[in-house]
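S.K.: Dropping a structure here in structure tokens format, bear with me for questions.
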Amino acid sequence: MAGFISQATIDAVTERTDIVSVVGDYVPLVQKGNDWWGCCPFHHEKTASFSVSPEKKFYYCFGCHAGGTAINFIMEMEKLSYPEAVTFLARKQGIQIQYAEGGLDQQKEDPAAKVKQEYTDLYTRVAGTFHYMLTSTDAGAFALDYITKRGISMETIQKFKLGYSPRDRYWLKKFLLEKNYSKEFLEGSGLFSKKYPDIAFFTDRLMFPIFDRTGNVVAMGGRFLRGDPGNSPKYLNSGDLPQYKKGNTLYAFNFARQSIREAKRVIFCEGYMDCIAYHQCGITYAVAPLGTALTEEQVRLVKPFVNEILLSFDSDRAGQEATRKAILMCRKLDITVRVIQLTGAKDPAEIMLNFGKETLTKDVDLAILDSDFLLSKLQELYPKNGPEGKRAASLSFFEYLDVLQSETEKVACLEQLCQAFDIDLEAARKDFTNRAHRGVQERTVSQTAQPEKSVIQGQDKHQVFKPNAELRAVLTAVTDDPVYFQKMRTRISVDDLTDAQARKLFIIMEECSRSGSFSVSNILNRCESEQLKSMIFKSVDEYSSNIAQLVESSILYVERTALERKRQELVNRMKRLERSALPEDQSQLAELLSQKMDLDNKIVSLKRM
């Protein structure tokens, strides 16, 4: 990438991108009239207030006021810079990126985006090399034998691009240097030891390439295969990299995304092998966190598409604790949760190997509600025939009740607790209510003790600001029909405006008009101010009727205020000259008086219109 992405490319991307299709990949949408509606992906809501207009080519949330074009949406959802988002959409549309030198209306190259792409290309190349090592060399034969004995087919190995990292710790560095990669670039790649930069981070391991949601290899995981297990962790995983944030990524999401949409459910499982086992058994809506506990960001990736989440973590103590934490997190986000209880093995990979696809599929079909799972575990931990056991179980289960969003569900689950531990329902209700009240009081005291946020710190980035009269006047001409702005620009100019935002918007509209790309979406693309964008979103909806009349009255307002401002300037100059006795000043005073009379006549004429 060199220079700037041209505005012509940005306009082409906006015009040719189907914004409904782009947003629909992340948010389920329903058509109502000419627009499409869904629940906003940027804040929690139960009633759809998020609209997408295919005609105007932008989205807008009436709840949190987030809005923009397809480019802005991809920036938000994929955590990309502006140039990265343009490139992302351009590739999907088959649009060749054109670059230009300088210019105020062009987006600057993002050096970080270039680095991300270069490292993504590197990881894709290395993943291909490791895959070849596994499938086509004597060095990788034992690793291939290991994985096939675990029941993984060659078709699955090819799909997930499984690989083998050579035992020689220095081989990869030498290989990549021969491919003309610089030492400095490789040292920042995460493929080598920070302390010993010539030594590969992954050696003699079964390799699992990690893909982003579009199928690019952005990171890797490696499984220990031989040697002393006490000297090496079972799994090594890439840390955060320029192109990869493990807390925002799900393993196999690129393969599972369509199945998740169709099934309206997702399985979160513990690791690479478990996830691969589900996919090989035809349960293709399984994904996995990446070497860490499940994060809220990972849950939000799937939330728009699912009615329920199924948890499939290991049956050991660590896996069960991970299940409990995941339940609380998902329920806090108002998602129904079920827990898969495996038959005769601790993980899905063992089920597939020892019992086959049918058993794993049956276990998924028999997944139990999270409340039943939690209560069964509490019954294993605490005796129900003593007060201490009842109290401990209640306090633990109250944490689950706290995150439930439905009051009806809370009551039903509280009744379940009472039945499981022989607790009086009224007593349990009082304990839960008193505990909740104490929590509120503690939080209130804590918040009172904290210093208040400043107005700036507390501002929402999508906060809507009220435009003044002059800006409102210019906003009326923001439509997909250029005729209204053409009418405005023949009667007023940017010099007639004093408000900074109004001047910026007028200049942007002038640029779009001159380039023959006048549309709401292209106007938004040129706006750098989030405040101005918010005003445009609101005005397009507010001024959708009687546009011709609104534009005419707006033009008259700007014309009149501009003339009155000029008249006041003349009056001020005349007052200064009236104190002078110089002949030339008296001559100039007469000229200014003539100009003032002319302005008075024009102002009167405008007021009559």
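The values are calculated or read from the model by the stated rules, or taken from the named source; none is laboratory data. Just so you know, these numbers come straight off a predicted model, no measurement behind them. Methodologically, a virtual Cβ is constructed for each residue, glycine included, from the backbone with ideal geometry; neighbour enumeration extends over all protein chains shown. Areas reflect the complete protein model, heavy atoms only, side chains present, ligands, DNA and RNA absent. Shrake-Rupley method; radii C 1.70, N 1.55, O 1.52, S 1.80 Å.
Conditions tested, residue by residue: (1) basic (Lys, Arg); (2) within 15 Å of residue 25 (Cβ to Cβ); (3) buried (at least 19 other Cβ atoms within 10 Å of the Cβ).
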{"position": "46", "(1), (2), (3)": "yes, no, no"}
{"position": "49", "(1), (2), (3)": "no, no, no"}
{"position": "62", "(1), (2), (3)": "no, no, no"}
{"position": "66", "(1), (2), (3)": "no, no, yes"}
{"position": "85", "(1), (2), (3)": "no, yes, yes"}
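S.K.: Next up: Which condition number in (1) modelled with pLDDT of 90 or more; (2) open to solvent by 70 Å² or more (accessible area, probe 1.4 Å) is the one that residue 280 fails?
M.R.: If we test residue 280 against (1) modelled with pLDDT of 90 or more; (2) open to solvent by 70 Å² or more (accessible area, probe 1.4 Å), just (2) comes out false.
S.K.: How about the stretch 249-283: which of its residues are more than 16 Å from residue 147 (Cα to Cα), in a helix (DSSP H, G or I) and of a type in the set (Asp, Glu)?
M.R.: Answer for the stretch 249-283, where residues must be more than 16 Å from residue 147 (Cα to Cα), in a helix (DSSP H, G or I) and of a type in the set (Asp, Glu): just 262.
S.K.: Quick one: in the stretch 247-277, which of the residues that are under 24 Å from residue 315 (Cα atoms) and in contact with a Gly (Cβ under 7 Å, 6 or more places away or on another chain) is surrounded by the fewest Cβ atoms within 10 Å (Cβ to Cβ)?
M.R.: Result: 270.
S.K.: Only one of (1) surrounded by 22 or more Cβ atoms within 10 Å (Cβ to Cβ); (2) within 24 Å of residue 244 (Cβ to Cβ); (3) of a type in the set (Asp, Glu) fails for residue 297. Which number is that?
M.R.: The single condition residue 297 does not satisfy is (1).
S.K.: Let me ask you something else. Please enumerate the residues belonging to the stretch 332-365 that are of a type in the set (D, E, K, R) and more than 17 Å from residue 319 (Cβ to Cβ).
M.R.: Within the stretch 332-365, 332, 334, 357, 358, 362, 365 qualify.
S.K.: Still on this structure, please answer the following. Taking the criterion of being within 30 Å of residue 92 (Cβ to Cβ), assigned to a loop (DSSP other than H, G, I, E, B), within 32 Å of the chain's Cα centre (by Cα) and among the basic types (Lys, Arg), would at least one residue in the stretch 175-188 satisfy it?
M.R.: No: the stretch 175-188 contains no residue that is within 30 Å of residue 92 (Cβ to Cβ), assigned to a loop (DSSP other than H, G, I, E, B), within 32 Å of the chain's Cα centre (by Cα) and among the basic types (Lys, Arg).
S.K.: Let me ask something additional. Based on this model, can you work out whether residue 540 counts as under 21 Å from residue 59 (Cα atoms) and buried (at least 17 other Cβ atoms within 10 Å of the Cβ)?
M.R.: Working: under 21 Å from residue 59 (Cα atoms): yes; buried (at least 17 other Cβ atoms within 10 Å of the Cβ): yes.
Against the criterion (under 21 Å from residue 59 (Cα atoms) and buried (at least 17 other Cβ atoms within 10 Å of the Cβ)), residue 540 qualifies.
S.K.: Looking for something touching a Pro at 6+ places or on another chain (Cβ under 7 Å) and at pLDDT below 95 - is there at least one such residue anywhere in the stretch 175-187?
M.R.: Yes - at least one qualifying residue is present in the stretch 175-187.
S.K.: Let me ask something else. So residue 540 fits all but one of (1) assigned to a helix (DSSP H, G or I); (2) modelled with pLDDT of 80 or more; (3) within 27 Å of residue 51 (Cβ to Cβ); what number is the exception?
M.R.: Exception for residue 540: condition (2).
S.K.: Taking the conditions exactly as written (open to solvent by 40 Å² or more (accessible area, probe 1.4 Å) and either under 35 Å from the mean Cα position of the chain (by Cα) or among the aliphatic types (A, V, I, L, M) (or both)), does residue 206 satisfy them or not? Steps first, please.
M.R.: Working: open to solvent by 40 Å² or more (accessible area, probe 1.4 Å): no; either under 35 Å from the mean Cα position of the chain (by Cα) or among the aliphatic types (A, V, I, L, M) (or both): yes.
Considered against the rule, which asks whether it is open to solvent by 40 Å² or more (accessible area, probe 1.4 Å) and either under 35 Å from the mean Cα position of the chain (by Cα) or among the aliphatic types (A, V, I, L, M) (or both), residue 206 comes out as no.
S.K.: Could you please let me know if residue 404 is surrounded by 15 or more Cβ atoms within 10 Å (Cβ to Cβ) and modelled with pLDDT of 95 or more? Give the steps one after another, and end with the answer.
M.R.: On the way: surrounded by 15 or more Cβ atoms within 10 Å (Cβ to Cβ): yes; modelled with pLDDT of 95 or more: no.
No, not satisfied.
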